[in-house]
Structures are given as structure tokens and as C-alpha cells.
1. Under the rule of at least 5 residues apart or a separate chain, name every residue whose amide H is placed under 5 Å from the amide H of V48.
2. Keeping all protein chains in the complex and leaving out DNA, RNA and ligands, what accessible area do you get for L11 with a 1.4 Å probe, in Å² to the nearest 10?
3. Just the accessible area for V5, please: 1.4 Å probe, Å², rounded to the nearest 10?
4. With springs only between Cα atoms under 10 Å, which of T58, T28, T91 fluctuates most in a Gaussian network model of the chain?
5. Take every DSSP beta bridge with both residues inside the chain and express the antiparallel ones as a percent of the total, to the nearest 5.
6. Quote the FRET efficiency, to the nearest 0.05, computed for K65 versus K87 with a Förster distance R0 of 22 Å and r equal to the Cβ-Cβ distance.
7. Once you charge only the Cβ atoms, +1 for Lys and Arg and -1 for Asp and Glu, what is the size of the charge dipole of the chain about its Cα centre, to the nearest 20 debye?
8. Between exposed trypsin sites (Lys or Arg not before Pro) in the chain, where DSSP calls loop and at most 15 other Cβ atoms lie within 10 Å, what's the longest gap?
Amino acid sequence: QVTLVESGGGLVQAGGSLRLSCAASGRTFSSYVMAWFRQAPGKEREFVTGISRSGNNTPYTDSVKGRFTISRDNAKNTVYLQMNSLKPEDTAVYYCAASTYLLRAATGYNYWGQGTQVTVSS
């Protein structure tokens, strides 16, 4: 069992940056694959990026490659999402999720945070 709490969302102008954090409870954080998803109004939840247990594997969806960076600190039970060069189309609620396997499908994740709103103005 793991509880996830996101923070760091907000309102930013296009071209700006935000850093999201996801703090996990429990002692087994390092045994989970972690991921960030996002969901815009009227759209399905979308895989943004994920990170393996060691941090060596970090796939990204094409629209964020070169702009977003995922990282994790297993000592702090926290995963981060650094978002640079933000665009209005990045506006969404961002969720972190935990799973046994690094998958792009939301259905593959057992644990979810409550989400944090990111709004990018043009």
C-alpha cells in the first residue's frame, strides 16, 4: 500500500517552468515504478513520463520530450517532474501513479495521487 501526494502545480505563462513533486508514504517506494499522467478537460488521462526503480529508464510521450524531466529520490520517497518551456496545451491536472511495471496505460497503475492543476496561459 502506498499513498501519493502531489504538489507544485499552479498558473504560469507560456515559456515558463514548474516543478511538480509527488511524495509517497511507506517504506517500499523504491520497489515501485513511478509515472506522471495528465488529464485535460474533456480528454482521456494521458501518459506523460515514467521512471524505473533505479531511474535508468525514463520514457516520455513525444509532446514533452526535451522539455520535461522526471527524476526520483528514493531516500526521500519522492518523484519529481521538471517542466520547462511550458505551452498552453500542457494545461491539465497532473497525477502521479505507482505500479509494479513501467507501462503507458493508466489501467496498469494501482496507486494514484489526488492530482495537481497546471495552467499555462498564452
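1. When sequence neighbours closer than 5 places are left aside, the close amide H contacts are W36, F37, R38.
2. 130
3. Probe radius 1.4 Å; accessible area of V5 about 80 Å².
4. It is T28.
5. Restricted to the chain, the bridges split so that about 90 percent are antiparallel.
6. 0.95
7. 220
8. 77-103
The values are calculated or read from the model by the stated rules, or taken from the named source; none is laboratory data. None of these values were measured; they are calculated from a predicted model. Every residue, glycine as well, gets a Cβ built from its backbone with ideal geometry; the counts of neighbours run over all protein chains shown. Side chains are part of the model used for accessible areas, which takes the heavy atoms of the whole protein and leaves out ligands, DNA and RNA. Shrake-Rupley method; radii C 1.70, N 1.55, O 1.52, S 1.80 Å.
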